[in-house]
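All remarks here apply to the structure that follows.
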Amino acid sequence: MMTAKVIVLGAGYGGLLAALRLARLTRHLGASVTLVEQAAVAPDRVRLHETLVRDVPSRRLVDVVRGSGVTFWQGRVDALDPDQRTVSIATAEGPRQFRYDRLVYALGSFTDRDVIPGIREHAHTLAPATSTQVRARIRELAATRGRVLVCGGGLSGIEVASEIAEAYPELQVTLATASQIGSGLSQRARAHIAAVLSRLHVSVREQTRIRALEVGTAQTATERLLFDLCLWTGPFAVPHIARQAGLAVDPGGRILVDDRLLSLSHPEVSVVGDAAALGGAVHRHVRPACASATAMGAYAANALAADLSGRGSPPFRLGYLSKNVSLGRREAVTDWVRPDDQPRERIWTGWPAVWWKNLVITAVGVWGQIQAERWWSGNYQLARWIETPDLGHNSGGHESLTGPDRV
Ligand SMILES: Cc1cc2nc3c(=O)[nH]c(=O)nc-3n(C[C@H](O)[C@H](O)[C@H](O)COP(=O)(O)OP(=O)(O)OC[C@H]3O[C@@H](n4cnc5c(N)ncnc54)[C@H](O)[C@@H]3O)c2cc1C
């Protein structure tokens with residue numbers, strides 16, 4: 001297929017990397033690569049908690065893709081017709097429709113605002129669009145020693161609570177979660193997080209399931225938690241577009257894929273990142289994370305380029321190295337894991353963990369890995385390097401694809 005039209009939907013960690021690599025690998029084949037994304041700037045989700053208290057540098061996507069061979073369209077994907085192989089998008093200039101030969105679906109996920117009543121009306125979720133407004137409100141509340149309630153004891157909730165408490169020690173910050181803080185992390189990592197949260201005077205409420213949010217109040221089975229500002233960091237959901245298009249999806253709406261990340265129902269669609277539901281024991285450990293999304297984006301581009309050249313490719317495999325949690329700017333924890341994501345009970349804390357976390361963020365973010373991708377194809381090779389042959393035979397303790405952040 002000498003003039004294949006490839007469209008990549010979504011410029012998160014998976015989609016942007018896939019588009020840049022595809023353009024590089026298929027240039028000699030004459031393929032065209034078009035990237036569609038609703039945002040003008042490259043969203044850096046792993047730094048969203050930082051944006052609640054300070055400016056974080058961002059880059060316009062037109063600048064990121066300049067010179068790469070990728071054509072960028074800013075617009076919202078409204079519908080997909082896999083039978084006609086078309087994508088409908090809403091742009092500032094009006095609706096447009098694109099035809100594709102191959103599609104990379106990377107529309108990711110967002111914080112679900114419908115898991116309990118009242119989130120939409122009375123809480124904020126982490127999203128680039130709301131950061132500035134929330135930051136202003138936090139600054140305002142600091143002047144009156146206001147109450148900030150962070151719901152969700154997953155990694156995002158921990159990062160949000162510690163970031164705010166460190167930047168504004170005068171605030172009364174509470175972190176509430178239905179189970180325990182940092183479940184899925186090693187015992188040592190959890191102990192360190194508890195110590196740092198205590199040092200930052202964050203009031204931690206474990207086994208506190210919030211049933212509904214009302215004006216200034218979070219309702220549990222037995223009590224009401226009062227707040228001036230509520231940040232909801234609960235589980236992720238995925239866009240409905242795949243389900244509406246008739247692609248085979250799991251109950252949560254994630255696209256069912258094979259071990260080459262191809263849609264089970266429509267193999268001309270590659271799926272990467274949080275939108276993909278991988279089956280089978282060998283992939284049971286794969287969790288929604290930037291590390292997974294970038295590795296999948298890189299793999300999908302390699303496999304698609306190989307396919308367009310008439311070559312085969314090995315199945316997708318992924319091994320992890322660490323989980324990294326920032327605890328403000330001066331503390332962090334690195335929880336070293338086995339390739340199947342099980343904790344090794346070996347952690348770094350203090351400046352080495354802060355350094356490692358910053359390195360990882362830079363490496364996966366637009367400033368590092370994605371830019372480096374224009375010249376070098378490191379990420380997926382690294383992912384394969386840390387993979388072990390027996391990966392997948394250990395099936396215990398994996399996280400489900402509903403996301404690490406449970407309230
Ligand atoms: C606050 C926070 C902190 C996190 N911290 C970490 C961390 O430290 N480490 C880690 O590994 N993971 C972290 N995660 C999870 C990680 O960000 C996700 O797993 C990762 O972003 C998934 O990448 P993705 O490419 O699949 O999708 P996303 O990064 O979600 O990108 C999807 C893209 O598609 C676009 N899009 C969606 N719908 C449409 C549409 N209809 N039309 C056009 N464009 C659309 C979105 O704007 C977005 O740019 C964090 C997540 C959050 C929210």
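Odds and ends about this structure:
- Residues being near the ligand (Cβ under 7 Å from one of its atoms), of a type in the set (A, V, I, L, M, F, W, C) and in a helix (DSSP H, G or I) - total across region 275-297: 4
- Test result for R85, modelled with pLDDT of 95 or more and not aromatic (F, W, Y): yes
- Yes/no for S156 being surrounded by fewer than 24 Cβ atoms within 10 Å (Cβ to Cβ), within 16 Å of the ligand (Cβ to nearest atom) and either in a helix (DSSP H, G or I) or touching a residue at least 60 places away in the same chain (Cβ under 8 Å) (or both): no
- Just one residue in the set L247, L175 is farther than 29 Å from T334 by Cα, outside any helix (DSSP H, G or I) and within 16 Å of the ligand (Cβ to nearest atom); that residue is L247.
- Test: residue in region 204-222 that is surrounded by 14 or more Cβ atoms within 10 Å (Cβ to Cβ), closer than 25 Å to S322 by Cα and not small (G, A, S): yes
Residue-by-condition table, conditions (1) out of contact with any strand residue (DSSP E or B) (no Cβ under 8 Å at 6 or more places or on another chain); (2) farther than 22 Å from I361 by Cβ; (3) surrounded by fewer than 20 Cβ atoms within 10 Å (Cβ to Cβ):
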{"position": "E268", "(1), (2), (3)": "no, yes, yes"}
{"position": "G279", "(1), (2), (3)": "no, yes, yes"}
{"position": "C290", "(1), (2), (3)": "yes, no, no"}
{"position": "T294", "(1), (2), (3)": "yes, no, no"}
{"position": "E331", "(1), (2), (3)": "no, no, no"}
{"position": "D335", "(1), (2), (3)": "no, no, no"}
{"position": "R344", "(1), (2), (3)": "no, no, yes"}
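- Checking T3 against (1) β-branched (V, I, T); (2) in a strand (DSSP E or B); (3) more than 15 Å from the ligand (Cβ to nearest atom), the condition it does not meet: (2)
- Residue match in region 218-228 (condition: without any contact (Cβ under 8 Å) to a residue 40 or more places away in the chain, not in a loop (DSSP other than H, G, I, E, B) and not charged (D, E, K, R)): yes
- Across region 57-103, the qualifying residues are those that are closer than 24 Å to A248 by Cβ and crowded, with 20+ Cβ neighbours inside 10 Å, and the one among them that is nearest to the ligand (Cβ to nearest atom) is V77.
Rundown of residues vs (1) touching a residue at least 12 places away in the same chain (Cβ under 8 Å); (2) part of a loop (DSSP other than H, G, I, E, B); (3) more than 12 Å from the ligand (Cβ to nearest atom), yes/no style:
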residue	(1), (2), (3)
G14	yes, no, no
L17	yes, no, no
R21	yes, no, yes
T26	yes, no, yes
T34	yes, no, yes
A39	yes, yes, no
V46	yes, no, no
H49	yes, no, no
D55	no, yes, yes
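- Criterion violated by W336 - all others in (1) of a type in the set (F, W, Y); (2) part of a strand (DSSP E or B); (3) within 12 Å of the ligand (Cβ to nearest atom) satisfied: (3)
- Filtered residues of region 107-129 (kept if within 16 Å of the ligand (Cβ to nearest atom), in a loop (DSSP other than H, G, I, E, B), modelled with pLDDT of 95 or more and in contact with a Leu (Cβ under 6 Å, 6 or more places away or on another chain)): L107, A123
The values are calculated or read from the model by the stated rules, or taken from the named source; none is laboratory data. Here the structure is a predicted model, which means the values were calculated and not measured. Cβ coordinates were reconstructed from backbone atoms using ideal geometry, including for glycine residues, and neighbour counts include every protein chain displayed.
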